[in-house]
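A quick write-up on the structure given underneath.
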Amino acid sequence: MASGLENEYVTLHEVVKAAKIRLNGNIWDYLVGATETETTMRRNRLALDSIAFKPRVLRDVSKIDPSSEIFGKKLRIPVLLAPVGSLESFEPGGGITVAKGAGAGGVGMLISSVTTLKLEDIVKGGDGPKIYQLYVRGDDKWVAERVKQAMGAGYDAFCITVDTAVYSRRERDIAKRFVKSWRTAATGQDHQAAFSWDNYKRVKSQFPDVKFILKGLGCAEDAEIAIKEGTWGVYCSNHGGRQLDHGRGSAAVLPEIVEVAKGKAKIIVDGSFSRGTDIVKAICLGADWVGLGRLYCYGLAANGAAGIERVVELLEEEMKEVMGLLGVSSLKQLDKSYITQAMPTNLPSVHSAFPLMHEGY
């Protein structure tokens, strides 16, 4: 399928610009902002920009396949749309529209429990792999009920976010006195703060056949515990720089998580991944899939489901280009031999992956 937006958006930064025009200032700041000094968000970009490629030549790259798979289902590119709260603030259809866009684009999605829509309706919104993501707002019995509900509705896996024990100070919102409606409606934060490895083990033990993912792992030590407990997927993430300030960039953390995983768990990573080159770098480092957050929300705000599909199309074009120039024709050929550390050239920011935006293009 094609998005039908091939002429309207010929670069990713044009999608970003369209989203900014269409969103009100408060929602735009919610989308692009991070915590306090926004250092962690910038380090996400810095970690990616500190990786350079080592290309090989005289390889047959006449046919390039950037596809992957998850749960036995093919993905057009190794991308999962990350869970984002209150998708309805970007486009009225919210999670249902995202499901349509993910299905049309041929990628997977995680749907956040911070939504006004029923999870059963979202899962029916479009074809493609779907994972339900939970913020803990109740006791172990409450969490277990959410697992039963999600798996009964047809989700492929169950993800628990673990890096939100304390809600952060997002100063773009605070300075503008913008009070998010979905935050004022939220209850049960004390359950998230108290949720421990013991709670996770008790819940997980009730569902031996469910693929559990823990999202928000930021070090090898916690990844090792997760893997020891039989966790199917470890999700390297710092919440897009929106939780702990002065943390490390995800691409800097990823190698140590890959090292302890040793193939015993699947690996997802997110954190300012914005270009096809970023996705290829993650695969070189050992990730199985890359989560996209802000980037697909730009597509959602710009043109709904078709906007998300167009983002995927552009990423696929960029991935095919870089893979061909690296001398590989499939993701399986990528490894650490194709990358090295290098000095970044751009000052990191939420949009430093799109330098032409600042030059009037």
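The values are calculated or read from the model by the stated rules, or taken from the named source; none is laboratory data. None of these values were measured; they are calculated from a predicted model. Neighbour counts run over all protein chains shown; Cβ positions are idealised from the backbone, glycine included. Remember, those area values only see protein heavy atoms, side chains included, never the ligands or the DNA or RNA. Shrake-Rupley method; radii C 1.70, N 1.55, O 1.52, S 1.80 Å.
Short version: what are the Cα gyration tensor semi-axes of the stretch 221-282, square root of 5 times each eigenvalue, largest first, in whole Å?
Working: eigenvalues 83, 42, 17 Å².
In descending order the semi-axes read 20, 15, 9 Å.
For the chain, modelled as a GNM with alpha-carbon contacts under 10 angstrom, which of GLY138, GLY218, GLY233 fluctuates the most?
Highest fluctuation of the listed residues: GLY138.
Cα-Cα over 19 Å: which of LYS74/LYS215; LYS118/LYS211; LYS130/LYS266?
Values: LYS74/LYS215 22 Å; LYS118/LYS211 21 Å; LYS130/LYS266 16 Å.
Beyond 19 Å between Cα atoms: LYS74/LYS215; LYS118/LYS211.
Select from VAL269, VAL32, VAL15 the residue whose mean-square fluctuation is largest in a Gaussian network model of the chain (Cα-Cα springs shorter than 10 Å).
VAL32
Using a 1.4 angstrom probe with every protein chain in place, what is the largest-first accessible-area order of LEU58, LEU356, LEU214? Write out the running numbers ahead of the final one.
On the way: LEU58 175, LEU356 70, LEU214 5 Å².
Of LEU58, LEU356, LEU214, the descending order of accessible area is LEU58, LEU356, LEU214.
Can you give the net charge of the other residues whose Cβ lies under 11 Å from the Cβ of LEU356, counting K and R as +1 and D and E as -1?
Values: positive: LYS17; negative: GLU14, GLU359.
Net charge around LEU356: -1.
Over 22 Å apart: what share of the alpha carbon pairs of the stretch 57-173 falls there, rounded to a whole percent? Intermediate values should be presented prior to the final figure.
On the way: 2779 of 6786 pairs.
Within the stretch 57-173, distances greater than 22 Å cover 41 percent of Cα pairs.
Using a 10 angstrom cutoff on alpha carbons, build the Gaussian network for the chain and name the most mobile of THR231, THR97, THR187.
Judging by the Gaussian network model, the answer is THR187.
Tell me, what is the 1.4 Å probe accessible area of HIS246, in Å² to the nearest 10?
110 Å²
How big is D, in µm² s⁻¹, for the stretch 177-275 by Stokes-Einstein at 37 °C and 0.692 mPa s if Rh is the Kirkwood radius over C-alpha pairs?
Values: Rh = 15.0 Å.
D, rounded to a whole number, is 218 µm²/s.
At a 1.4 Å probe, what is the % contribution of carbon and sulfur to the accessible area of the stretch 213-295? Intermediate results must be reported in sequence, preceding the final value.
Numbers: 1340 of 2560 Å².
About 52 percent, which is the carbon plus sulfur part of the accessible surface.
Determine the order of ASP222, ASP127, ASP29, ASP139 by accessible area, beginning with the largest, at a probe radius of 1.4 Å. Before the final figure, lay out each step's value.
Values: ASP222 55, ASP127 125, ASP29 25, ASP139 85 Å².
Ranked list, largest accessible area first: ASP127, ASP139, ASP222, ASP29.
Quickly estimate the mean residue ellipticity at 222 nm for the chain, helices only: each DSSP H run with n ≥ 4 gives -39500 (n - 2.57), and the total goes over all residues, rounded to 500. Could the numbers behind the result be given before it?
Numbers: 14 runs with 149 residues, N = 361.
Value at 222 nm, helices only, nearest 500: -12500 deg cm²/dmol.
Taking the stretch 137-230, which GluC sites (Glu not before Pro) meet the DSSP loop condition and have no more than 15 other C-beta atoms within 10 Å?
On the way: sites: GLU145, GLU171, GLU221, GLU224, GLU229; in loops: GLU229.
In loop regions of the stretch 137-230 (DSSP not H, G, I, E or B), the sparsely surrounded GluC sites (Glu not before Pro) are GLU229.
Report which label in (1) 1.59; (2) 0.94; (3) 0.96 holds the value of Rg/Rh (Cα atoms, Kirkwood Rh) derived from the coordinates of this structure.
(2)
How much accessible area does TYR361 have with a 1.4 Å probe, in Å² rounded to the nearest 10?
140 Å²
Could you order ASP198, ASP270 so the one with the most accessible surface comes first? Probe is 1.4 Å. Don't skip to the end; give the middle numbers.
Values: ASP198 85, ASP270 15 Å².
Sorted descending by solvent-accessible area, the residues read ASP198, ASP270.
Ignoring ligands, DNA and RNA, what accessible area per residue does the stretch 92-248 give at 1.4 Å, in Å²? Write down the numbers at each step before the final one.
On the way: 6970 Å² over 157 residues.
Result: 44 Å² of accessible area for each residue.
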